[in-house]
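The values are calculated or read from the model by the stated rules, or taken from the named source; none is laboratory data. From a predicted model like this one, the values you see are computed outputs, not experimental measurements. Please note: Cβ atoms are built from the backbone with ideal geometry, for glycine as well, and neighbour counts cover all protein chains shown. The accessibility values were calculated without ligands, DNA or RNA, using every heavy atom of the protein model including side chains. Shrake-Rupley method; radii C 1.70, N 1.55, O 1.52, S 1.80 Å.
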Amino acid sequence: MAHAGTYFAILVLTLSLVGCIGADAPAASQVASPTINTTVTADVFEPVLVMATSQFNISFADDGKKIYTAGDGKVVFLDEEGNRIELVDNFSKALQKAFFVDIDGERVLVTLGGTKASLNFFREKGGEWVGETVWAPDLVRLRDAEYGDVDGDGEKEFVAATHDDGGVWLVKRVNGSWLPEQLWKENGTNYTHEIELGDFDGDGVLDIFANPSAPNVDVGINQPGSVRVFMFHNGSWKNEALFSSSLTHAKELLAFDVNGDNRSDVIAPVEGHGVKNESAPFGFNLVEPTQLLAFAYGGRNYSLGTASDLQCRSLVAGDVDGDGVQELALGCRDTGVYLYYKNGSKWLHKLIDKDSRAAVHALAFVDFNADGKEELVVANDNSDSVDVYAFSDGVSGGIERRRLASMPEYDWVWTIYPFK
């Protein structure tokens, strides 16, 4: 987008379905136009963040337990003052992700539907958002997707993870239509949680990292899973397990060069184990903490540290002090947000906010003032807020927190990305 104001100065936006292409696309009657909510009063709205959120309707069982029912998905745009525009899409329940990609020189907003699995494109045309659903499989959830050339043919495709059959999918453009091809699945009902792309073997072609597991259970309970890499060699796909466990798994991955060999390693926060104890903090006795493990080409594995939590579902990299070396931020379910940083050849970590908690705990690094030092953006369900952390003197200095925006209760933020 050449200038954010071009897209958001007009606050009355509409969204219409202009066509469904590709296999398993829904009929037009299945798609509803969203409403547009806004707190913007300025003539020009310049967003800095785009977030995918799921709003949940809450009811109570006879025993008093909360029942979460997914409501409409929302794409939320925030500016530096916390003003927002929301695109409310009642087709994409439990919206999983919203991010921008470049398709043929055009900036396209991509969204992933949750309880109604779908891959959607939104384009700005003449002051209106125009949408098309390019893939709507008969599956429970499109959990994640990335966009890149993973087979070396010079054309980018979407690589998607589904919760059904542990699916890893390619959605490739063929003669103008986006067509799905299932690359891999596990037998039975399994979940794939995350897709990351990176050149694992150093051949110049992006490889695929994925993390299938058994279906979700309560935190702290055994849930087998693996971390896998898929590589396209000599016209065919090969995959191997970098990590496998009959006890635990990871719901998050990050492609990151840990060892400085100019190849993409993959980092996984492998979930901990616990024993239920209603009187213990957060309802569990921690037996085994979450381990931040990195897997590199050639069977080299690294431990970057632990987090005193059962589950950590968000991991991002950014440079908080402008020294050219990236740090890692990890968002955990109960115990807060952690910062991991290098000290010589060792990785150290510290807890930067023990009171920030969330089931997903979405994170992003953003350089708000263009000083070369990135701030950390955190979606905190505990306070129903989006907060920004600035590191005033690098990893060893003080941390300044400010509230960027308040969020409605029971809105889960699944992803945060810079609006660039």
Residue in segment 391-416 that is modelled with the highest pLDDT, counting only those that are open to solvent by 40 Å² or more (accessible area, probe 1.4 Å) and closer than 23 Å to Thr111 by Cα: Ser406
Unique match (being at pLDDT 85 or above, buried (at least 20 other Cβ atoms within 10 Å of the Cβ), under 23 Å from Leu206 (Cβ atoms) and not basic (Lys, Arg)) among Gly113, Gly167, Gly148, Gly154: Gly167
Complete set of residues in segment 254-295 that are crowded, with 19+ Cβ neighbours inside 10 Å, polar (S, T, N, Q) and farther than 14 Å from Asp309 by Cα: Ser264
Selected residue (criterion: surrounded by the most Cβ atoms within 10 Å (Cβ to Cβ)) from residues of segment 39-64 that are modelled with pLDDT under 90 and of a type in the set (Val, Ile, Thr): Val40
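Determine, yes or no, whether Leu348 is at pLDDT 95 or above, in contact with a Phe, Trp or Tyr (Cβ under 9 Å, 6 or more places away or on another chain) and open to solvent by 50 Å² or more (accessible area, probe 1.4 Å).
Details: at pLDDT 95 or above: yes; in contact with a Phe, Trp or Tyr (Cβ under 9 Å, 6 or more places away or on another chain): yes; open to solvent by 50 Å² or more (accessible area, probe 1.4 Å): yes.
In short, yes.
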Residues within segment 373-390 that are at pLDDT 95 or above, among the small types (Gly, Ala, Ser) and open to solvent by 10 Å² or more (accessible area, probe 1.4 Å), tallied: 1
Within segment 65-105, tally of residues that are modelled with pLDDT of 90 or more, open to solvent by 30 Å² or more (accessible area, probe 1.4 Å) and part of a loop (DSSP other than H, G, I, E, B): 5
Which listed residue is over 29 Å from Leu293 (Cβ atoms) and within 15 Å of the chain's Cα centre (by Cα), from Phe419, Phe365: Phe419
Contacts under 7 angstrom Cβ, first residue in segment 176-191 being within 21 Å of Thr115 (Cβ to Cβ), partner modelled with pLDDT under 95 and among the hydrophobic types (A, V, I, L, M, F, W, C), 6 or more apart: Pro180/Ala23; Pro180/Trp135; Asn190/Ala214
Among (1) free of Cβ contacts under 8 Å to residues at least 24 places away in the same chain; (2) within 23 Å of Gln311 (Cα to Cα); (3) surrounded by 18 or more Cβ atoms within 10 Å (Cβ to Cβ), the one test that Leu242 misses: (1)
Top-ranked residue in segment 171-188 [being outside any strand (DSSP E or B) and under 27 Å from Pro224 (Cα atoms); ranked as most open to solvent (accessible area, probe 1.4 Å)]: Asn187
Leading residue by the ranking (least open to solvent (accessible area, probe 1.4 Å)) among those in segment 362-372 that are part of a loop (DSSP other than H, G, I, E, B) and modelled with pLDDT of 95 or more: Ala362
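For segment 368-379, which positions are in contact with a Gly (Cβ under 9 Å, 6 or more places away or on another chain) and closer than 22 Å to Arg313 by Cα?
From segment 368-379, those in contact with a Gly (Cβ under 9 Å, 6 or more places away or on another chain) are 371-376, 378-379; that's our starting set.
Those that are in contact with a Gly (Cβ under 9 Å, 6 or more places away or on another chain) and closer than 22 Å to Arg313 by Cα: Glu374, Glu375, Leu376, Val378, Ala379.
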Where Lys251 falls short, out of the listed (1) assigned to a loop (DSSP other than H, G, I, E, B); (2) open to solvent by 20 Å² or more (accessible area, probe 1.4 Å); (3) among the basic types (Lys, Arg): (2)
Residues of segment 340-361 satisfying the condition of being farther than 24 Å from Ser54 by Cα, in a loop (DSSP other than H, G, I, E, B) and touching a strand residue (DSSP E or B) at 6+ places or on another chain (Cβ under 6 Å): none
